[in-house]
Amino acid sequence: MIKLHDKVFKPFLSEEQILAAIDKMAAEIASDYKDKTPIFVGVLNGAFMFVSDFLKAYPYPCEVSFVRLSSYHGLTSTGIVETLLDVPDNIEGRDVIILEDVIDTGRTLKQLVHLFSGTNVKQFKIASLFYKSEIYNGEYAIDYVGLEIPNNFIVGYGLDYKELGRNLREVYQLNQGNMINLVLFGKPGAGKGTQAGVLKEKYNLKHISTGDVFRYNMKNDTELGKLAKSYIDRGDLVPDEVTIDMLKDEVEKNPDAAGFIFDGFPRTEAQAEALDNFLESKNMQVDATIALEAEDDILVARLLERGKESGRSDDQDENKIRNRFDEYNQKTAPLKAYYDKQGKFHSVNGIGEIAEITERLSVVIDQFVVIQE
Ligand code: AMP
C-alpha cells in the first residue's frame, strides 16, 4: 500500500504486466506500420513512461513527438483547444499515432481529435495503454488498446494523483473507500482507547470503540443499552449478534471515513469472520491488527484507578476485571491465530509513556503505509 496526499492506493498492475501489454501493442502496430515510418505523438504529462517503453519495444523506423493539453476540461469558450505544447509541425501527410496513457470518458480524446482535425495528416490513429471501456462514451474508435481496466482511479507509471505517483513503476488503484483499517487488540486497560485517540488524529481515521458505543447507549437508556447492560455489568461479553449489528451500523454511519480503528472489536472468532465478510462486501479489508501487551497485575491496578474516576461499574471490582481477562483469554486471544494466518497480526509492548507506545504502533502501521509526501 502507498499513500499519496490523503489517499491510500493498493497495487493493481505489476511492471511486468504493463510491459507485456506494451509489447503486445508495439507488435500489433509494428505489423500495421512496418513500411510507413509513423510519428508517435505522446500526450503529456501522463504518457511519458508509456511512450518511452513503447518506443523501446517498437522495432521499425519511427519518429516521436508530444502534445500537451492545458486542461482536462474540454474546449474553451471560443471553441479553440488550448494547448501548452502544440501539434508537431512536420506531420503533414504523415501517419500519426497518438499514444495516450489512459482513455476514460473520452473527453481528452475529443480535444485531441479536434487538435489534429486542423492538420493535414495522412492517417490518424489512437493507441491507449489503458482503456476504461465501461465509461467511454466518445464516438471515436480506439485503434489499439494495451489493457482494458475497470473504472477505478489509478496512479503510477506516469499517472498521478495531484501530481504525485508518476514515478512509480507499477500501477496502483485507489483503495476502495480509500481506507486503512486497523484493529487494536489488548486486554481491558491495555490502552487501546488512549492510543486509538492519538492514532486517529495522526492517520486521519475514524475510531470505533464498541465499549464506548455500548456505554453511550446505556447512558441514554436505549433498547440496545438495556440489552447490553446486564452483560457489561458482569464483565461478560455482549452476544455476537448484537455487537456485530451495532458495529456494522457504526461503519455505515461513516461513509466518508478515510479508514477505521476498531477498538474492542472483534473480540470473538465469529466477530472476526463477520468483520471480514462485512468489509469484503464493501470492498474494504482489515489491513493490520496490533495487540498492546501488558501483564495482568499492571492492568488490574490501572483499571481500578480508572474506575475511581470514570465510575465504570466494570472497572471497580477486581473480580469483574479478572472475569474480563478470562473472557479475553478464552475468546479474544485465539484471534491471534486467525489474523496470523492472514499475515496481519502484530503486537507491541503496551508498557511505557503514551507517546512511546504510539511510536511503537506507528512503526507497525508505517510498514504498510508508505508516505510519499
Ligand atoms: P471495553 O470498553 O472495550 O472494555 O468494553 C466494555 C464492555 O463492553 C466489555 O466488557 C463487553 O461487555 C462489552 N463489549 C465491548 N465490545 C464488545 C465486543 N466486541 N463483543 C462483546 N462485548 C463487547
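At a temperature of 20 °C and a viscosity of 1.002 mPa s, determine how fast the chain diffuses translationally according to Stokes-Einstein, using the Kirkwood radius over alpha-carbon pairs as Rh; express D in µm²/s, rounded to the nearest whole number. Once the numbers are plugged in, D ends up at 88 µm²/s.
Applying the Karplus relation 6.51 cos²θ - 1.76 cosθ + 1.60 with θ = phi - 60° to the stretch 167-173 yields 3J(HN,Hα) values of 7, 6, 7, 10, 9, 10, 10 Hz, where x marks Gly and Pro.
Annotation: amide H of Ala288 within the under-5 Å range of Asn181, Val183, sequence separation 5 or more or interchain, hydrogens built in the peptide plane.
Helix 296-310 and the longest principal axis of the C-alpha atoms of the chain enclose an angle of approximately 90°. Exposed loop sites, defined as trypsin sites (Lys or Arg not before Pro) outside DSSP H, G, I, E and B with at most 12 other Cβ atoms within 10 Å, are absent from the longest region of the chain, namely 254-373.
How tilted is helix 223-234 with respect to the longest principal axis of the chain? Cα atoms for both, answer in degrees (0 to 90, nearest 10). Tilt of helix 223-234: around 50 degrees.
Give me the extension gain from Asp366 to Arg169: residue separation times 0.36 nm, minus the current Cα-Cα distance, reported in nm with one decimal. Kindly include the intermediate steps, with their values, before the conclusion.
On the way: separation 197, 0.36 × 197 = 70.92 nm, distance 2.07 nm.
Between Asp366 and Arg169, full extension yields an extra 68.8 nm.
Between the alpha-carbon centres of the stretch 111-155 and the stretch 299-373 there is a gap of 52 Å. For the stretch 306-373, what class follows from the C-alpha gyration tensor (a ≥ b ≥ c being the square roots of its eigenvalues): rounded when a/c is under 1.5, otherwise prolate if a/b is larger than b/c, else oblate? Here the stretch 306-373 falls in the oblate category.
When Rg and Dmax are taken over the Cα atoms of the stretch 189-276, they come to 13.1, 36 Å. Coordinate range of the alpha-carbon atoms in the stretch 178-368 per principal axis, descending: 41, 38, 29 Å.
Helix 240-252 and the longest principal axis of the Cα set of the chain meet at an angle near 40°. Using the Cβ-Cβ distance between Glu63 and Lys24 with R0 = 22 Å, the FRET efficiency computed as 1/(1 + (r/R0)^6) comes to roughly 0.50.
Give Lys34/Lys110; Lys24/Lys122; Lys187/Lys308; Lys200/Lys344 a once-over and call out the pairs whose C-alpha atoms are over 22 Å from each other.
Violating the 22 Å limit, Cα to Cα: Lys34/Lys110; Lys24/Lys122.
Diagonalising the gyration tensor over the Cα atoms of the stretch 2-174 and scaling each eigenvalue by 5 before taking the square root yields semi-axes of 25, 20, 14 Å, largest first.
Counting only the backbone N, which residues of the stretch 249-278 are under 19 Å from the spot 7 Å out from the Cα of Glu241 toward its beta-carbon? Counting only backbone N, you get 249-250, 267-275, 278.
Using 0.36 nm per residue and subtracting the Cα-Cα separation, the extra length available between Glu309 and Ile351 on full extension is 13.0 nm. Residue-wise HN-Hα couplings along the stretch 187-195, as the Karplus relation 6.51 cos²θ - 1.76 cosθ + 1.60 with θ = phi - 60° gives them from phi, are 5, x, x, 6, x, 4, x, 4, 5 Hz; Gly and Pro carry x. Extending 7 Å from the Cα toward the beta-carbon at both Lys248 and Glu92 defines two label points whose distance is 6.9 nm.
Just so you know, all these numbers are worked out from the coordinates, no wet-lab data involved. All figures in this text were calculated on a predicted structure; none of them were measured in a lab. Note: ideal-geometry Cβ built from the backbone for every residue, glycine included; neighbour counts use all protein chains shown.
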